[in-house]
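Quick notes on the structure that follows.
Here, each number is a calculation from the coordinates, and none is a lab measurement. Predicted, not measured: the structure shown is a model, and the values here were computed from it. All Cβ positions, glycine included, derive from the backbone under ideal geometry; neighbour counts span all protein chains shown.
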Amino acid sequence: MNGTNIRARLAADPELGAGNVLPKLFEHGADPEGPGATFDVPVDGHPAWQELTLGRLRERVAARAAWWHARGIGPRDPVAVHVSASADCLLNFLALTWLGAIPALVNPHIPGDIAAEYIRRLRGVGLVTDQEHRERLAGQDLGIAVHADAAEAGTGDPAQAPAAYRHHPDDPIAITHSSGTTRMPAAVVHSNGSLFAATRLFRLSAPRARGAERILSALPAAHAAGISALNMALCFRSDLLFLSTQNDGDAVVRAIERWKPTGVFGFAATWTQLARQDLSTRDLDSVSLWFNTGDCAHEPHIRRLVAVGSRETATREGVRRTPGSRFVDGLGSTEMGHSAFHITHSKDTERYGRCVGVPHGFAEVALLDTATGREVPVGEVGQLGLKAPTLAPGYWNDSSATYRNRLGGYYLTGDLMYRDEEGYYFHVDRAVDAVDLGGEWLYTAMTEERILAGCPDVHDCTVVSMEVGGRVVTDVLLALYATADPGADRTAAVRAALTGAAAATLRSVVVVSEADLIVGPTGKVRKFLMRQRHRAQTAAV
């Protein structure tokens with residue numbers, strides 16, 4: 001059966017969701033010899049970089065389902081998955097959802113003490129780790145009954161796997177977590193329906209997007225976006241390579257050169273790393289699509305990416321492959337479940353300035369004055385409120401956090417945005433990062449965007465504002481490309497990127513090294529901690 005027929009059958013199945021795509025594919029007659037998944041690490045004796053067909057993927061998942069089932073794991077049992085390899089993470093996700101259990105995927109880069117406390121707060125019944133993470137958690141009382149070795153979990157007998165659990169749309173199928181802006185990540189629950197809603201509502205019923213034939217995912221496997229990428233590729237019957245690393249730009253480029261994907265999926269942090277490479281010297285012609293989710297991407301990084309690759313273009317002579325690729329940007333979060341906005345960039349587009357485009361058809365958005373609950377007018381900044389079937393039901397074991405960010409039926413994402421007369425939305429900052437200058441605001445994210453656009457030799461920056469002697473002062477921390485002159489004075493260019501009110505607070509422009517950047521588990525610069533450290537350092541001077 002071809003991919004189009006399979007998608008039609010899947011689209012018509014009301015029980016299909018984020019937790020049962022694999023068994024549903026077989027229920028609807030998918031070819032076992034068709035595409036399953038490829039990983040960059042060996043798994044169960046299967047070599048790295050060689051595809052697991054759909055049938056072989058099902059066998060490896062069934063082996064783990066049988067192993068977990070034999071140890072008493074069943075419906076509604078939370079099981080933490082704390083491993084490095086994308087294969088170990090996603091195969092255990094598929095196996096646990098096969099049983100109706102709730103895999104809690106833990107980012108492999110979280111420090112051991114944070115991971116231990118996070119796992120304790122889950123109050124789960126099981127945990128699977130690899131050797132590295134067992135060592136990180138050694139000596140910790142995690143309060144779990146079953147602690148599995150990732151390698152051992154794959155030794156189950158596939159024939160002993162029970163029948164796949166029948167999910168209801170409201171059933172919890174995963175717990176993922178936020179990046180943890182301060183210290184402890186928030187545990188976000190996803191349901192069978194919510195994490196699949198975007199795929200169901202506008203992807204399955206449409207032709208497969210150009211560039212989605214052969215997908216390389218540089219998304220974290222332990223993230224909601226990683227689950228969605230896996231499910232989308234399976235439903236589309238696309239080839240999929242899932243990397244285990246996202247924060248090494250050269251490694252991602254080498255993977256593209258080796259595997260020749262048509263589409264590359266990732267977060268903004270990955271594009272930052274790729275943009276630091278000299279892409280003009282690399283073999284990226286296979287790529288026609290870059291797909292971003294999470295934080296919106298930076299204009300200079302997008303421009304470097306769309307300048308390479310190639311895409312099919314309709315001409316008078318017919319369809320031709322022309323130089324240059326497309327970049328699909330948006331804005332999403334763990335809690336949103338899927339990007340709520342979308343915009344497509346190419347070499348010829350000019351709508352930047354942190355424009356995230358227009359809302360998806362499934363997303364009802366409002367920019368709110370949180371003091372009154374009313375929508376702000378066009379051109380005025382408000383906090384993003386979202387109503388969408390993609391929204392996560394809440395936070396695991398934390399009803400207070402679940403309801404704290406609700407207003408007038410909307411989920412408050414914490415993002416500050418404005419809308420222009422044409423209906424395009426622009427992201428200016430996170431609410432926790434914006435600085436009140438006494439009637440005017442310093443929006444740090446928008447300021448950083450303007451600095452990057454105005455300083456071509458800067459690849460990342462962080463704006464730090466603090467109160468000194470009763471007034472706000474601002475320091476700008478710059479991370480430079482390797483070819484940049486670290487001694488050059490960029491103060492004038494930085495000042496020009498600031499609003500008048502913000503420029504009046506500018507105290508210093510400081511060049512920092514790569515080692516000075518504090519990054520979170522997904523590779524995102526942790527600006528909260530960067531600012532906190534800088535304030536402490538400058539206060540001590």
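Which order do the peptides 364-374, 147-157, 14-24, 479-489 take when ranked by the mean count of other beta-carbon atoms within 10 Å per residue, highest first?
Packing proxy ranking, top to bottom: 14-24, 147-157, 364-374, 479-489.
Considering only C-alpha atoms, what is the centroid distance from the range 182-213 to the range 133-155, in Å?
29 Å
Among Leu54, Ala37, Ile102, whose Cα lies farthest out toward the positive end of the dipole of the range 1-124, if unit charges sit on the beta carbon of Lys, Arg (+1) and Asp, Glu (-1)?
Of the listed residues, the answer is Ile102.
Please say if the range 12-90 is rounded, prolate or oblate, where rounded means a/c under 1.5 for a ≥ b ≥ c the square roots of the C-alpha gyration tensor eigenvalues, and otherwise the choice is prolate for a/b larger than b/c and oblate otherwise?
Oblate.
Decide, for the range 202-263, between rounded, prolate and oblate: order the square roots of the alpha carbon gyration tensor eigenvalues as a ≥ b ≥ c, take rounded if a/c falls under 1.5, and otherwise choose prolate if a/b is larger than b/c, else oblate.
Since a/c reaches 1.5 but b/c is at least a/b, the shape of the range 202-263 is classed as oblate.
Among Ala363, Pro323, Ile343, which residue has its Cα furthest toward the positive end of the charge dipole of the range 313-364, with +1 on Lys/Arg Cβ and -1 on Asp/Glu Cβ?
Of the options given, the answer is Pro323.
With +1 assigned to the C-beta of every Lys and Arg and -1 to the C-beta of every Asp and Glu, and no other charges, what is the dipole magnitude of the range 3-229 about the Cα centre in debye, to the nearest 20?
660 debye
Give the relative contact order (percent, whole number) for the chain; include only Cα pairs under 8 Å separated by 6+ residues.
11 percent
Might you report the magnitude of the Cβ-based charge dipole of the range 191-311 about its Cα centre, with Lys and Arg at +1 and Asp and Glu at -1, to the nearest 20 debye?
Once rounded to the nearest 20, the dipole reads 380 debye.
What value does the range 245-429 have for Rg/Rh, both radii from Cα atoms and Rh as Kirkwood defines it?
Here Rg/Rh amounts to 1.04.
Is there a quick way to get the dipole size of the range 349-399? I mean about its Cα centre, with the Cβ of Lys and Arg at +1 and of Asp and Glu at -1; what is the value in debye to the nearest 20?
Using only the charged Cβ atoms, the result is roughly 100 debye.
Nearest 5 is fine: what % of DSSP beta bridges in the chain come out antiparallel, could you say?
Around 60 percent of the beta bridges assigned by DSSP in the chain are antiparallel ones.
Below 11 angstrom from the Cβ of Ile343, what's the summed charge of the other residues (Lys, Arg +1; Asp, Glu -1)?
+2
Looking at the range 222-361, send over the antiparallel percent of its DSSP beta bridges, to the nearest 5.
DSSP beta bridges in the range 222-361 are roughly 60 percent antiparallel.
Give the value in nm², to one decimal: projected area of the alpha carbon convex hull of the range 3-229, averaged over all directions.
Taking a quarter of the hull surface, the average projection is 11.9 nm².
Run through the DSSP bridge list for the range 439-540 and note the antiparallel percent, rounded to the nearest 5.
Restricted to the range 439-540, the bridges split so that about 65 percent are antiparallel.
Which order do Lys260, Lys527 fall in if you start with the one that has the fewest other Cβ atoms within 10 Å?
In increasing order of surrounding Cβ atoms, one gets Lys260, Lys527.
Going by how many other beta carbons lie within 10 Å of each one, how would you line up Arg134, Arg404, fewest first?
Arg404, Arg134
Using only the Cα atoms of the range 152-232, build the gyration tensor, take square roots of its eigenvalues as a ≥ b ≥ c, and label the shape rounded, prolate or oblate: rounded if a/c is under 1.5, else prolate if a/b is larger than b/c, else oblate.
rounded
All other residues with a Cβ under 15 Å from the Cβ of Leu243 taken together, and with Lys, Arg as +1 and Asp, Glu as -1, what is their net charge?
Residues near Leu243 contribute -3 overall.
What does the charge add up to near Thr38, with Lys and Arg as +1, Asp and Glu as -1, over the other residues with Cβ less than 9 Å from its Cβ?
Around Thr38, the charge tally is -3.
May I ask for the Rg/Rh ratio of the range 439-540, computed from Cα atoms with Rh as the Kirkwood radius, given to two decimals?
My calculation puts Rg/Rh at 0.94.
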